[in-house]
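The block underneath contains the structure these notes are about, expressed in structure tokens.
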Amino acid sequence: MAKIGINIATGSLQQPEMIVGIDLGTTNSLVAIIHPDTKKPVVLKEHDGAALVPSIIHFGNRGAITVGDKAKEFLIAQPHNTIFSVKRLMGKSYGDVKDQSSFFTYKVIDDNTESLVKIQAGDKFYSPVELSSFILKELKTRAEHILKTPVTKAVITVPAYFNDAQRQATRDAGKLAGLDVLRIVNEPTAASLAYGMGMSKEETKIVAVYDLGGGTFDISILRISNGIFEVLSTNGDTYLGGDDFDRVISTYWTDQLGLTEEELNNNKSLMQEFRLQAEEAKKHLSNKDSFSCKIADYEMQLTKSEFERLIKPFVEKTIQCCKNALLDAGVNKDEIDEVIMVGGSTRVPAVKKAVSESFNKKLHDSLNPDEVVALGAAVQADILAGNNKDFLLLDITPLSLGIETMGGLMDVLIPRNSKIPSKVGRQYTTQKDGQGSMRISVYQGERDLVKDNRKLAEFSLIGIPGMPSGMPKVEVSFLVNADGILVVKAKELRSGVEQSIEVKPQYGLTDDEVEKMLLDSITHAKEDIQTRALVEAQTEAKQIIETTSQFISKNKNFLTVEELTETMSAINKLTELMDKGNKDEIQGHIEKLNEISRPYAERLMDEAISTAMKGKKI
Ligand code: AMP
């Protein structure tokens, strides 16, 4: 039963805790929830109607930290202490961003090119994770203020191209802000969810998500099938967006007036005024045909057609990226079922027209393009809250999945933190001649020996036709679908016999248990490496004993008595050592046995070759 409480501070009824959806953007961030009454996603707004929180942090004199609109006011006056575009630095080393250093007006520390970047503000140094956590903390506080209830759980969106380090950095930022980040969701996935796509299990479609914001452009091609969102390709330009539109308008005006760069550099506030009015003009021209304003004593004008001419190169560039994305995804434009528009700059009619013509499709643009990602994050949050029982979308595997191989070793097929859905196949073979079946034991965990991990399932592939050991090719494939269901399939490729099993890996493990398993793997890392090395040596010893024994029983007459006794005693010694547990000793004796057998093995080989060559002319 849901709990209802009273907020002592405000005296109002507290809602049961909700999971919020957060769009942590490069320029702006925002929070959305599913409205408890309408059950529709809505963004959280302050009394003044503001939903967007500029992703900007200002560090004041006495350690005061402000975030959002208030911080934005310091962008020009205090560029060293006002941090913007932190998202561009998430999970990055200085080496990754050094070419873009002119973009940042604040100090990005460059003492060690391999380590993750730090940002200097005043006399303190901050990581992008800490800086992002300030933004998230502000969003959390606002949400709590608006909802009048504590907010501790969130879904946060990231670009589809974010790698594991960037996703982890985003998670960590959430944790630091006091948020339990239940899921990191791809922005194009969230946008699709906001438009209700992927909510029916039967649905299969290919979606293009065109996201043009203030400073970045992304195009993602997704395939949605059975509730699985698969990113087929992403493309874009991390330095292309509405800011470029503002810049070309501003330059167009200052060129008209014959103002030089030097004059503008010497009058920063005039330059800033041109930029601000340029943005006004751009927004105005999304609905009107002409714009005019006064800057200082100058009367400035801009028509819609002139504006469209100015931004044409940028728009064309985005269309080229769309074509590249289609190529990479291996789909042609007629196969695209839906096109979704995201980001404030998709309000520009010329942008809409170009995209619609390029895909030859009507666009999904009815939702506010600034809000659509956050709205989708709220939909995802609601699914996680269990309010939509049909869905349990999972984005990454919390623990590694693998099978048991010789000597009880864990062979990982899907490493932890793999994005799902995920599919991996690997080939194995039999150990014994004529082996007719193979047992597949599936485990979850990070330790090297399966006995320390969690067994999920076991089955046998039976009916493998009799073949010498090493001949059968058994392909074991792991597929984790979006529901977190793992399907393990084993197939002998020569004969076609196959067998499969379904496992639900994540269920039954609490977050604490997952954490404990990860901690264990770190604590025991050294011991595990030693054990793995020993088991590998034992396995190798077993194999070499078997093959050498087979060889000498077949070719007894070919060996001298000395060779035979030497080989037998080396085999006996190795057998004895195998159980003793000293890896180096085992390896030393494997080498010894190899040395003893090498001369007669080579002799036999030479003989075989000369027999084969007999009677043949070269
Ligand atoms: P985002 O990064 O998605 O928040 O998008 C911000 C960008 O959208 C900025 O460059 C804004 O100037 C731009 N933008 C906002 N509203 C409009 C509008 N009505 N017409 C054109 N561009 C807009």
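Using the Karplus relation 6.51 cos²θ - 1.76 cosθ + 1.60 with θ = phi - 60°, the per-residue 3J(HN,Hα) values for region 141-149 come to 4, 4, 4, 5, 5, 6, 7, 6, 7 Hz, with x marking Gly and Pro. Highest mean first, the peptides 100-106, 401-407, 269-275 sorted by other C-beta atoms within 10 Å per residue fall in the order 401-407, 269-275, 100-106. Seen from S356, the other residues with C-beta closer than 13 Å to its C-beta sum to a net charge of +2, counting Lys and Arg as +1 and Asp and Glu as -1. Here the simple spin-label model places points 7 Å from the Cα toward Cβ, and for R439 and T38 these points are separated by 5.9 nm. Taking a sphere under 13 Å around the Cβ of T204 and counting the other residues whose Cβ falls inside, with K and R at +1 and D and E at -1, yields a net charge of -3. Applying the Karplus relation 6.51 cos²θ - 1.76 cosθ + 1.60 with θ = phi - 60° to region 239-253 yields 3J(HN,Hα) values of 10, 9, x, x, 4, 5, 4, 4, 5, 5, 5, 4, 5, 4, 5 Hz, where x marks Gly and Pro.
The calculated FRET efficiency for the pair V424 and T260, based on their C-beta separation and a Förster distance of 51 Å, comes to about 0.30. Look at the Cα gyration tensor of region 166-252: its axes a ≥ b ≥ c give a/c of at least 1.5 with a/b at or below b/c, and that counts as oblate.
Each label point is 7 Å from the Cα along the Cα-to-Cβ direction; what then is the distance between the points at E230 and I146, in nm? With each label placed 7 Å out from Cα toward Cβ, I get 3.6 nm. With coordinates expressed along the principal axes, the C-alpha atoms belonging to the chain extend over 109, 73, 54 Å, beginning with the largest. Amide H contacts under 5 Å for L240: T216, F217, restricted to partners 5 or more places along the chain or on a different chain, H placed in the peptide plane at 1.01 Å from N.
Residues whose amide H lies under 5 Å from that of R416, counting only those 5 or more places away or on a different chain, are S400, L401; hydrogens are built 1.01 Å from N in the peptide plane.
Please state the shape class of region 527-613: rounded when a/c is under 1.5, otherwise prolate if a/b exceeds b/c and oblate if not, all from the C-alpha gyration tensor. The shape class here is prolate.
Placing R0 at 22 angstrom, the Cβ-Cβ distance between Y161 and T251 gives a FRET efficiency of 0.15 after rounding to 0.05. Let a ≥ b ≥ c be the square roots of the eigenvalues of the Cα gyration tensor of region 175-221; is it rounded (a/c under 1.5), or, if not, prolate (a/b larger than b/c) or oblate? In terms of gyration-tensor shape, oblate.
The angle between the Cα long axis of helix 583-613 and the longest principal axis of the Cα atoms of the chain comes to about 70 degrees, rounded to the nearest 10. Each peptide in 561-570, 353-362 receives the mean, over its residues, of other Cβ atoms within 10 Å, and ordering these scores from highest gives 353-362, 561-570. Using R0 = 30 Å, the C-beta based FRET efficiency linking S269 and E299 works out to 0.95. With the helix formula -39500 (n - 2.57) applied to DSSP H stretches of n ≥ 4, the chain reaches a computed 222 nm mean residue ellipticity of -12000 deg cm²/dmol. Multiplying the residue separation of S290 and E585 by 0.36 nm and subtracting their alpha-carbon distance yields 97.6 nm.
Placing pseudo-labels 7 Å out from each Cα toward the beta carbon at E602 and D123 gives an inter-label distance of 7.2 nm.
Every read-out reported here was derived from the displayed coordinates using simple, explicitly stated rules and does not represent laboratory data. Being a predicted model, the structure only gives us computed values, none of them experimental. Reconstructed Cβ throughout: ideal geometry from the backbone, glycine too, with neighbour counts over all protein chains shown.
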